[in-house]
Amino acid sequence: MPHRYRWLLPWLMLVVLPDLTPALEGATPFPRPPELRDRVEFWKKVFTLYDTHQAVVHDREDLSLVYGVEDLGRAGRSSQATRENAVLERYRRAMERLARAEVDSRKLSDEEWRIWQAHGQSRDPERYRRAAERLRLQVGQRNRMAQGLENWQRYGADVCRI
């Protein structure tokens with residue numbers, strides 16, 4: 001999202017959504033069906049726990065499968081993209097190793113251990129092959145949300161007035 005629009009999400013959360021509250025009296029403003037619980041929890045963590053220098057390695061279809069949180073360092077964007085790709089490749093290789101060999105829990109790397117645990121210590125090689133195809137990395141957003149809230153403190157009254 002371009003820099004000039006970073007204030008939009010916090011503005012929507014703080015200005016527009018509270019205006020809906022009277023219409024929802026007695027109702028849960030944001031119903032959370034059980035089938036969405038894992039997704040909601042995942043995104044809450046992305047926006048509140050992890051900053052843009054951290055990446056959550058997870059399954060893109062099942063957000064309850066989180067394999068790890070990796071520190072990307074504080075380098076520039078091109079360097080961060082290189083690090084993101086390296087992290088994904090490291091986890092992908094770990095999944096391929098789990099898919100190829102009989103699992104010996106005493107000899108697993110850190111990544112292999114976390115993946116193995118996330119998949120319930122499965123010994124099904126096909127499970128790890130499919131997981132490698134669905135591997136994804138999500139960069140945290142906590143510091144951007146904090147900056148958006150700071151911007152709201154500074155400019156919110158003007159936005160409302162306009």
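What follows is calculated from the coordinates using simple rules that are stated; it is not laboratory data. Predicted, not measured: the structure shown is a model, and the values here were computed from it. All Cβ positions, even for glycine, are placed from backbone atoms using ideal geometry, and neighbour counts span all protein chains on display.
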Exercise for the section: Count the net charge of all other residues whose Cβ sits under 15 Å from the Cβ of L36, scoring Lys and Arg as +1 and Asp and Glu as -1. Expected result: 0
Completion exercise
In the neighbourhood of A75 defined by beta carbon distances under 15 Å, the net charge of the other residues (Lys, Arg +1; Asp, Glu -1) is -1
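Ranked highest first by average number of other Cβ atoms within 10 Å, how do 55-62, 150-157 line up?
Numbers: 55-62: 18.0, 150-157: 12.9.
Descending packing order for the listed peptides: 55-62, 150-157.
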